[in-house]
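The values are calculated or read from the model by the stated rules, or taken from the named source; none is laboratory data. Keep in mind it's a predicted model, so treat the numbers as computed, not measured. Every residue, glycine among them, receives a Cβ derived from its backbone with ideal geometry; neighbour counts consider all protein chains shown.
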Amino acid sequence: MNRRFILMLAGAAAVAASAGDIHIARGTGSVDWPPSSTEAMTALPDGNFHVAVATVAPGERFVFADYGDPSSPERIGPKGHKEIAGAGNWVYQIGDDDSVHGTAASRLSAAGSFPMSDFDLWTDKACYSPGEPVWIQAARFADYPDAVVRYRHGALVLREEPLRQEWWEWIPPAEDFKGYMIDVYRLDSDGAEQILGSIGVDVSSDWKRFPRYGYTAWYERGKEQWVPGDVAFLNRRHINAVQFQDWHWKHHWPYCADDFYTDISMREISHNVVKMFIDVQHGYNMKSIFYNLGFGALDQAGAAADGVSPEWYYFLDPERTRKDSHQLPSGWKSDIFLVDPGNAGWQSYLCDRNEEVYSALGFDGFQVDQLGSRGDGGWVYDYWGNRFDLASHYPSLLKALKARHPSKTLIMNSVSRYGEQEIASSGVIDVCYNEMWADCDGFDDLYKVVASNRASGGNAMKTVFANYMNYDYGKDNRGKNFNTPGVLLTDACIFALGGAHLELGTGYNMLCNEYFPNTNLHMDDTLVEAITRYYDFVTAYENYIYDTSSELGESITSLSGHSLSVWNAHRGPAPRKIVIHGRRADSGAAVYHLLNFSNVNSMSWRDLNADMPSPERHESITLDIDSDRMVSKVWAATPDRHAGVPLPLDFTQQGRSVKVTVPSLDYWTMLVLE
């Protein structure tokens with residue numbers, strides 16, 4: 001058995017030593033004094049105990065040394081070697097006479113966690129640049145005088161310190177594109193950890209590496225006082241880019257300088273509120289991205305007078321008798337009439353209009369929309385009767401937009417996968433964006449889209465899904481709640497596959513409809529807490545979820561009687577099974593995502609009627625995994641329990657066979673072999 005233990009040094013000798021100067025020397029045999037090689041231990045600010053970042057294995061011997069004076073290290077504690085006995089994490093208590101009082105288990109695995117309503121953590125930004133300080137808030141710190149703050153990357157503890165105040169600063173390691181978890185815990189009477197709260201931290205200089213895309217769609221007069229709180233909701237969920245839906249004046253002329261104007265549905269829009277949303281989001285290190293159809297004009301709202309040429313439109317027949325349009329409800333500003341996205345005149349016109357947007361409002365990018373396949377399977381006709389495939393003209397539009405504004409984010413929607421490959425392979429988009437409908441409503445369609453986008457755009461290309469949950473239920477049940485099991489299972493699958501989900505809006509809103517201002521369904525307190533845990537989870541473990549290079553093989557079996565199904569390129573998820581999707585992280589770790597399909601009532605992610613049942617919880621899932629590498633550490637984490645804190649697991653390895661028991665599975669548990 002390859003167990004390892006975290007050491008803590010406490011007592012008079014620790015207090016006497018200079019903070020940060022305590023080292024540990026290790027060896028399987030005799031450890032010489034003075035030691036020839038040591039590892040520094042991470043000190044708590046008050047100096048009363050130290051935590052070894054490097055762990056010690058059974059059978060290893062070790063000594064502590066004080067390197068306050070590098071030329072003459074002093075031994076801490078009595079002469080002779082110390083050894084680990086038993087299990088758990090261990091404290092060495094040093095007395096005033098340098099005697100070792102003995103060892104005692106300092107803590108056990110997480111025994112549970114507080115509801116977020118009782119204890120919650122906040123950070124001041126959604127993501128951070130390398131070297132930027134992270135400010136953390138624990139509003140109820142005074143209620144827990146014995147609490148400890150812990151900082152981790154994966155399962156590796158970087159530092160611990162007492163919880164002393166409501167706001168404090170942490171400087172993460174200087175590396176770019178790294179995720180961290182901060183948790184606060186205390187020990188119960190049995191020495192087990194009680195997790196009070198946790199939060200993810202993303203240190204990334206570019207949002208597209210780990211996209212967490214949200215939205216806003218409300219800009220009414222007088223909303224200024226509510227904007228900071230509305231955006232704070234997204235910040236707590238680490239949303240690093242926000243799509244502005246239905247903010248614009250006209251599709252062919254999006255910017256209006258008036259203080260107040262109307263959008264396509266004749267809602268009044270406040271120019272100042274739009275600007276304030278952008279300013280507040282920038283304060284949280286979020287990107288603000290404006291939405292607009294990439295090739296639409298409002299004929300009934302003055303398109304011709306605004307300079308839209310008749311020659312830019314496309315038609316459904318070569319005789320130009322049927323101009324293509326998207327019909328909208330009566331009372332709206334206009335139907336939308338569609339132009340050729342590949343027409344150079346239109347491209348130049350749209351770039352000019354976007355220049356007005358960027359100059360006046362400071363948006364960070366453009367979310368280009370489309371309407372899916374049109375005409376006869378995508379085949380339409382230009383003004384001169386030439387037949388062309390609509391999707392084939394998307395790349396030239398995107399390249400023109402990028403050429404005019406090269407520093408701005410560019411995204412384009414693929415509706416039910418239409419134009420997916422043309423968009424992903426254009427070479428100018430930042431992330432792939434897929435709006436999924438009934439013709440791609442299976443869980444396995446999520447896998448296919450992520451795989452297709454990687455194949456077309458490169459392995460680093462990330463996918464954002466615009467998937468509207470409980471769609472039919474939402475139409476007929478205004479004021480009701482989302483179905484939590486359906487939302488969480490879909491999110492678990494999207495995240496485990498390496499995708500993202502556009503679902504969270506400002507002001508505690510969640511999407512249930514393609515018309516983003518629609519707020520028919522609401523999140524209850526249970527879903528708000530659960531979805532926050534999920535976004536903490538994907539932020540904290542982003543390097544294990546998104547930084548992956550290849551898919552792992554199928555050789556994984558259950559030794560505990562659980563029915564398994566491997567989800568990969570050859571077969572999709574199976575109902576009545578524990579579904580496992582495995583990927584190799586760039587760090588070399590083997591990451592297995594366990595997804596609970598044991599009692600699903602449908603293999604559709606949409607949960608149309610909001611009736612997906614809660615999962616049947618599984619416990620003690622013993623797995624035999626074929627591994628082509630030697631494993632030194634195994635751990636598991638789940639957003640469904642223990643506030644996402646990782647749990648170290650015992651394991652055995654004989655040749656290629658690694659045997660390990662996963663403690664539990666609700667919706668999603670991530671198992672990591674390092």
Filter region 403-425 for residues that are in contact with a Cys (Cβ under 7 Å, 6 or more places away or on another chain) and assigned to a loop (DSSP other than H, G, I, E, B); which is surrounded by the most Cβ atoms within 10 Å (Cβ to Cβ)?
417
So how many residues does region 378-393 have that are more than 21 Å from residue 336 (Cβ to Cβ) and either modelled with pLDDT under 95 or crowded, with 16+ Cβ neighbours inside 10 Å (or both)?
0
Report the residue count in region 619-665 for those that are of a type in the set (A, V, I, L, M, F, W, C) and in a helix (DSSP H, G or I).
1
Taking region 176-195 on its own, how many of its residues are outside any strand (DSSP E or B), free of Cβ contacts under 8 Å to residues at least 60 places away in the same chain and not small (Gly, Ala, Ser)?
1
Checking residue 464 against (1) part of a strand (DSSP E or B); (2) in contact with an Asp or Glu (Cβ under 8 Å, 6 or more places away or on another chain), which single condition isn't satisfied?
(2)
Considering only residues that are surrounded by fewer than 18 Cβ atoms within 10 Å (Cβ to Cβ), among the acidic types (Asp, Glu) and touching a residue at least 40 places away in the same chain (Cβ under 8 Å), which ones fall in region 575-623?
586, 611, 619
Please work out which residue is farthest from residue 116 (Cα to Cα), limiting yourself to region 511-547 and to residues that are more than 19 Å from the chain's Cα centre (by Cα) and of a type in the set (Val, Ile, Thr).
519
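I'm checking my understanding of the structure. Among residues of region 120-157 that are in a strand (DSSP E or B) and within 24 Å of residue 188 (Cβ to Cβ), which one is farthest from the chain's Cα centre (by Cα)? So that I can check it myself, show each step before the final result.
Of region 120-157, the ones in a strand (DSSP E or B) are 122-123, 128, 134-137, 148-153, 156-157.
So of that shortlist, the ones also within 24 Å of residue 188 (Cβ to Cβ) come out as 136, 148-152, 157.
Details: 136: 19, 148: 26, 149: 22, 150: 21, 151: 18, 152: 17, 157: 21 Å.
Applying the filter and picking the extreme gives 148.
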Options 447, 468, 473; residue that is over 25 Å from residue 519 (Cα atoms) and hydroxyl-bearing (Ser, Thr, Tyr)
447
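Tell me the strands (runs of 3 or more DSSP E) entirely within region 244-330 that contain at least 3 residues that are under 30 Å from residue 129 (Cα atoms).
On the way: elements: 260-262, 268-270, 287-293.
Hits in region 244-330: 287-293.
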Could you give me the residue pairs with C-beta distances under 6 Å whose first residue belongs to region 452-468 and is under 25 Å from residue 504 (Cβ atoms), whose second residue is basic (Lys, Arg) wherever it lies, and which are 6+ apart or on separate chains?
461/454
It is to be established whether one or more residues within region 456-464 are at pLDDT below 95, among the polar types (S, T, N, Q), out of contact with any helix residue (DSSP H, G or I) (no Cβ under 6 Å at 6 or more places or on another chain) and closer than 24 Å to residue 594 by Cβ.
yes
Pair list, Cβ < 6 Å and 6+ apart or interchain, from region 517-545 residues that are of a type outside the set (Ser, Thr, Tyr) to residues that are at pLDDT below 95
529/116
Which condition number in (1) at pLDDT below 85; (2) more than 15 Å from residue 536 (Cβ to Cβ) is the one that residue 117 fails?
(1)
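Considering 231, 242, which residue is surrounded by 16 or more Cβ atoms within 10 Å (Cβ to Cβ) and more than 21 Å from residue 429 (Cβ to Cβ)?
On the way: 242 fails: more than 21 Å from residue 429 (Cβ to Cβ).
The conditions single out 231.
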Starting from region 426-447, keep only residues that are under 12 Å from residue 606 (Cα atoms) and surrounded by fewer than 20 Cβ atoms within 10 Å (Cβ to Cβ), then list their pairs with residues that are modelled with pLDDT of 95 or more and among the aliphatic types (A, V, I, L, M) whose Cβ atoms are within a distance under 6 Å, requiring at least 6 positions of separation or different chains.
442/603
Being assigned to a strand (DSSP E or B) and within 30 Å of residue 450 (Cα to Cα) is true for just one of 198, 205. Which residue is that?
198
Might you let me know whether region 624-635 holds any residue that is β-branched (Val, Ile, Thr), at pLDDT below 95 and either surrounded by fewer than 22 Cβ atoms within 10 Å (Cβ to Cβ) or in contact with a Ser or Thr (Cβ under 6 Å, 6 or more places away or on another chain) (or both)?
yes
Out of 222, 200, report the one residue that is buried (at least 22 other Cβ atoms within 10 Å of the Cβ) and of a type in the set (Gly, Ala, Ser).
200
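Table: residues versus (1) surrounded by fewer than 15 Cβ atoms within 10 Å (Cβ to Cβ); (2) in contact with a Phe, Trp or Tyr (Cβ under 6 Å, 6 or more places away or on another chain).
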{"site": "293", "(1), (2)": "no, no"}
{"site": "313", "(1), (2)": "no, no"}
{"site": "327", "(1), (2)": "yes, no"}
{"site": "331", "(1), (2)": "yes, no"}
{"site": "335", "(1), (2)": "no, no"}
{"site": "340", "(1), (2)": "no, yes"}
{"site": "352", "(1), (2)": "yes, no"}
Only unsatisfied item for residue 472, checking (1) assigned to a loop (DSSP other than H, G, I, E, B); (2) surrounded by fewer than 22 Cβ atoms within 10 Å (Cβ to Cβ), is (1)
Residue 112 versus (1) surrounded by 13 or more Cβ atoms within 10 Å (Cβ to Cβ); (2) in a strand (DSSP E or B): which is the lone unmet condition?
(1)
